[in-house]
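Participant: I have a structure I would like to understand better, so I am pasting it below and will then ask my questions one at a time.
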Amino acid sequence: MLAVSAAPRVGAQSASSADVKAAFLFNFAKFVEWPAAALPAGQPLVVGVFGNNEIAESLARVAAGKIVGGHTIRIKRVVITDDPTTVQVLFIDNSEHARANEFVRRIGNASVLSVSDVPRFLDSGGVIQLRTQDDRVRFDVDLQRAQDSRLVINSKLLALAGAVNPAKAH
């Protein structure tokens with residue numbers, strides 16, 4: 001069963017926005033495959049969070065003691081001077097929207113699953129964009145960008161996406 005299928009509400013009576021985003025990030029990691037060179041056997045899967053310590057803390061709670069694809073999970077708080085290609089998943093919080101393009105540019109075609117809630121993140125070269133629709137968190141995927149980064153996204157995850165390879169804005 002795919003936990004992100006529920007598209008949790010982000011309203012006041014539900015889990016915090018940070019908890020919801022952390023759950024999405026954890027589940028995304030479960031349904032993506034990295035090339036062996038980017039995630040060697042025995043190495044931890046590193047999830048970097050840039051710009052929101054609350055999401056990093058929630059993710060640490062969600063991932064504690066869990067294994068994904070044979071890998072332990074390590075959460076890393078990313079700062080602007082870090083090399084974004086040293087993580088397998090990078091979440092860029094909307095609070096850092098001014099720096100999102102820079103991070104995506106620095107990632108290039110490295111095998112990094114870039115995820116953000118920054119508006120138009122896919123237009124800048126990101127792989128997954130979180131968005132809120134009808135008080136629920138949804139996501140869109142740029143499958144071509146994922147393939148360029150040698151990431152394989154499971155069809156079960158793609159089936160839950162709001163849009164796959166949405167048209168780029170001009």
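Participant: For the stretch 119-141, which residues satisfy the criterion of being surrounded by 18 or more Cβ atoms within 10 Å (Cβ to Cβ), in a loop (DSSP other than H, G, I, E, B) and over 12 Å from the mean Cα position of the chain (by Cα)?
Facilitator: Within the stretch 119-141, Gly125 is the sole residue that qualifies.
Matching residues to (1) under 26 Å from Asn94 (Cα atoms); (2) of a type outside the set (Gly, Ala, Ser); (3) buried (at least 17 other Cβ atoms within 10 Å of the Cβ):
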{"position": "Gly42", "(1), (2), (3)": "no, no, no"}
{"position": "Leu45", "(1), (2), (3)": "yes, yes, yes"}
{"position": "Gly48", "(1), (2), (3)": "yes, no, yes"}
{"position": "Ser58", "(1), (2), (3)": "yes, no, yes"}
{"position": "Ala63", "(1), (2), (3)": "yes, no, yes"}
{"position": "Gly69", "(1), (2), (3)": "no, no, no"}
{"position": "Arg74", "(1), (2), (3)": "yes, yes, no"}
{"position": "Arg77", "(1), (2), (3)": "yes, yes, no"}
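Participant: Further question: Based on this model, can you work out whether Ala29 counts as within 15 Å of the chain's Cα centre (by Cα), surrounded by 13 or more Cβ atoms within 10 Å (Cβ to Cβ), outside any loop (DSSP other than H, G, I, E, B) and modelled with pLDDT under 95?
Facilitator: On the way: within 15 Å of the chain's Cα centre (by Cα): yes; surrounded by 13 or more Cβ atoms within 10 Å (Cβ to Cβ): yes; outside any loop (DSSP other than H, G, I, E, B): yes; modelled with pLDDT under 95: no.
So Ala29 does not fit the description; no.
Participant: (1) at pLDDT 95 or above; (2) more than 23 Å from Ala41 (Cβ to Cβ): which one isn't true of Val152, the others all being true?
Facilitator: (2)
Participant: Another question about this same structure. Considering the stretch 64-97 alone, what residues qualify as being in a strand (DSSP E or B), basic (Lys, Arg) and more than 23 Å from Phe121 (Cβ to Cβ)? Steps first, answer last, please.
Facilitator: As a first pass, look at the stretch 64-97 and keep what is in a strand (DSSP E or B): 67-68, 71-78, 89-92.
Filter again for basic (Lys, Arg), leaving 74, 76-77.
Result: Arg74, single match.
Participant: Looking at the structure I just gave you, is Asp82 in contact (Cβ under 8 Å) with a residue 24 or more places away in the chain, under 16 Å from the mean Cα position of the chain (by Cα) and surrounded by 16 or more Cβ atoms within 10 Å (Cβ to Cβ)? Talk me through it step by step, then tell me what you get.
Facilitator: Values: in contact (Cβ under 8 Å) with a residue 24 or more places away in the chain: yes; under 16 Å from the mean Cα position of the chain (by Cα): no; surrounded by 16 or more Cβ atoms within 10 Å (Cβ to Cβ): yes.
So Asp82 does not fit the description; no.
Participant: Given the conditions (1) part of a loop (DSSP other than H, G, I, E, B); (2) in contact with a strand residue (DSSP E or B) (Cβ under 9 Å, 6 or more places away or on another chain); (3) not β-branched (Val, Ile, Thr), report the number of the one that Ser111 does not fulfil.
Facilitator: (2)
Participant: Of all residues in the stretch 32-49, how many are at pLDDT below 95 and within 15 Å of the chain's Cα centre (by Cα)?
Facilitator: Qualifying residue count for the region: 0.
Participant: Also, quick follow-up: Report the residue count in the stretch 53-82 for those that are of a type outside the set (A, V, I, L, M, F, W, C) and closer than 20 Å to Val32 by Cβ. If you could, list the steps in order and put the result at the bottom.
Facilitator: At the first step, the residues of the stretch 53-82 found to be of a type outside the set (A, V, I, L, M, F, W, C) are 53-54, 57-58, 61, 65-66, 69-72, 74, 76-77, 81-82.
When the remaining residues are screened for being closer than 20 Å to Val32 by Cβ, the result is 58, 66, 69-72, 74, 76.
Of the residues in that region, 8 qualify.
Participant: Right, another one. Tell me yes or no: at least one residue of the stretch 152-164 is farther than 17 Å from Phe26 by Cα, in a strand (DSSP E or B), touching a residue at least 24 places away in the same chain (Cβ under 8 Å) and of a type outside the set (Gly, Ala, Ser).
Facilitator: Yes, there is a match, as at least one residue in the stretch 152-164 is farther than 17 Å from Phe26 by Cα, in a strand (DSSP E or B), touching a residue at least 24 places away in the same chain (Cβ under 8 Å) and of a type outside the set (Gly, Ala, Ser).
The values are calculated or read from the model by the stated rules, or taken from the named source; none is laboratory data. Here the structure is a predicted model, which means the values were calculated and not measured. Here Cβ is always computed from backbone atoms with ideal geometry, including for glycine, and neighbour counts include all displayed protein chains.
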